[in-house]
1. Per residue of the stretch 408-422, in order, report the coupling 6.51 cos²θ - 1.76 cosθ + 1.60 (Karplus, θ = phi - 60°) as ³J(HN,Hα) in whole Hz, putting x for Gly and Pro.
2. Over what distance in Å are the Cα centres of the stretch 400-456 and the stretch 231-292 separated?
3. Suppose each label sits 7 Å from its Cα in the direction of the beta carbon; what would the V105-I538 distance come out to in nanometres?
4. Sort L306, L495, L221 by Cβ crowding within 10 Å, fewest neighbours at the top.
5. Report the extension gain between D125 and M302 in nm, rounded to one decimal, defined as 0.36 nm multiplied by the number of residues separating them, less their alpha carbon distance.
6. Which log10 I(q)/I(0) values, to two decimals, does the stretch 427-505 give at q = 0.16, 0.21, 0.27 Å⁻¹ under the Debye formula with one point per Cα?
7. Quick one: Karplus J couplings for the stretch 491-496, per residue in order, coefficients 6.51, -1.76, 1.60, θ = phi - 60°, nearest Hz, x for Gly and Pro?
8. Please list, in chain and number order, the residues 5+ apart from I121 or on another chain whose amide H is under 5 Å from its amide H, with Hs placed from the backbone.
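FYI, it's all coordinate maths here, none of it is from the lab. Keep in mind it's a predicted model, so treat the numbers as computed, not measured. With ideal geometry, Cβ positions are generated from the backbone for all residues, glycine too; neighbour counts draw on all protein chains shown.
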Amino acid sequence: MVFVDSYPKTSKLVRSEFIVAFVALGIGALFGVVQALHRTGVFRGFVSSADYYTILTGHGVLLALVFTTFFIAGLFAWAVSNSLERELPHRIAWSAFWIMLTGTVLAAVSIIGGLVGAPSILGHDLKADVLFTFYTPLKAHPAFYIGAALIIVGSWIAGLAYFKALWEWRSENPGERIPLQTFMVLTTMLMWYISTIGVAVEVVAFLIPWSLGLIQNVDPLLTRTLFWYFGHPVVYFWLMPAYLVWYTILPKLAGGRLFSDPLARVVFVAFLLLSTPVGFHHQYTDPGIPSGYKFIAMTNTMFLLLPSLLTAFTVVASVEHGARQRGAKGYLSWLRNLPWGKPAFAGCMLAGLMFAAGGFSGMINAGMNINYLIHNTIWVPGHFHLTVGTAFALTAMAISYWLVPQITGKKLQQRTIATLQPYVWFVGMALMSNAMHRAGLAGIPRRTAEPTYDEFAFEGVAGTVGEMRIQIAIGGFLLFVGAAMFLIVMADTLLARRGGTLSVNSNIPEPLSGADHSPRILDNYKLWTAIALLLIVIAYGPPLASMVADGLFAPGSPPIPV
Ligand code: HAS
Ligand code: CU
């Protein structure tokens, strides 16, 4: 039975979440190519350099916050419904959708207001050029912050729907192990609840009153700390759904089965424990945070590599198992026996391969001393285009080729474009991200329309600055083409008529080593949440207490004029 016929209500919800995600992807990708061409000086006719920051904010917010959150809401709704074999509680899930959509519209209108010179509203210019890391002292229109707050509140409510579905399932299936997909969703949501407290306090207690003029000063160090308390775990809110796909769907696409359910559970629990007490690794250069606490954050970050390294092992082993089921032999030649012509499979694999590179650049970021070399350079965008921009985004696009037919009952259209699309993304990203990393090593800054490549003699460590610039421009353009190809396939599929039988289904094969091999304690959410909170108190308690003791609105250091 096709998913849409078994669970029509949940399918409608997933379709709506995906459509918002895809619209955000389209506009965000357009902003991306505008800024890649502007920054590299290849074409500067679209916007002025002053407007570059608004475009950059739109690009980051629409892709990293809106596209991700809506896609994840849709994917999670499908995963919970599929693995618990029931419709999602639809009233809660729909109210979450509408709250998130209202927030998105508010944020998007305030960003776009800055481009079109909108009149002032509530006594403030309608604009938001504060970048997707919207901490002080940059200030946006209150509507932007209210929008951000609504997106987060909406995501919390979406989580309630998953928990409610679990409780209903529990009462009918006492004593049974939580199915793996639901386990992954709920663990991610628990991590999300813990980590979004930081940004919620930042926005509600400080940014909204400040932008409305109700308070005059904010403490940049305190608000930055609250932002990064959330700003690292949010990256796992993007990564864990990609892992859900790699663990539970990718092995099936390869023709095999997941190697180990227990290992997958361990990985997700490790993320719940360690995702949050590491935020200071974004603030190594901030004064006012004792080095000892930066060191604790670095140590925790290094431990946080483990779940991803375990994932690399388990996922590759499962895919290899799939290839061997298809008759493959040899140490590496099994790679040839995989369905590289299927866009869902190829996209997830290429995303994983690029994530290996992105993970390695993350390890470099995490080293307290090496971080000084790359912090605030374009190396960092190089890193996160491999992670959120590929591990997440390419996995999301790839799995849409498999999932959208099932939530619509319609066959995938434009197969040739779909087959080529992950490769276009891969080549575009390979060009752009390697050049960004190298340019960062040469000291070229991030977040600027005027990197002054010509006037200031940056020297490439490997390759020339001119060559990197061209690679970034070509890569950025190819990524825009890749996003457009994906959207054409999706639009055509969503608008197609239903007909014929689908060649895909949502059944997930049993893992080689199943849930009965994994200790029950892994499903003990209370225990893991308590330990996660304890680690946060150790990592953040004393430095936060001293920032608060300085005075909440009257920082110990003189306020930065804005
Ligand atoms: Fe990061 C900055 C450290 C992972 C996103 N990161 C950022 C920013 C973003 C971001 C958006 O310590 C910029 C924020 C801003 O605007 O300022 N990051 C890390 C570390 C990891 C890491 C240690 N980051 C991510 C993920 C992201 C993401 C995931 C999004 C989804 N990052 C940092 C640090 C900074 C930072 C510092 C601050 C830099 C600064 O100074 O500003 C680790 O989690 C990475 C672990 C990953 C691995 C790779 C394992 C490999 C796998 C591949 C399996 C292969 C498969 C396919 C399936 C160890 C799992 C095989 C294919 C075949 C063909 C066989
Ligand atoms: Cu981080």
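1. 10, x, 9, 6, 5, 9, 6, 4, 5, 4, 4, 5, 7, 4, x
2. 22
3. 4.7
4. Numbers: L306 13, L495 10, L221 21.
Neighbour counts put them in this order, fewest first: L495, L306, L221.
5. Values: separation 177, 0.36 × 177 = 63.72 nm, distance 4.31 nm.
Extra length available between D125 and M302 comes to 59.4 nm.
6. -0.66, -0.93, -1.23
7. 4, 5, 5, 5, 8, 5
8. Sorted by chain and number, the residues that satisfy this are L126.
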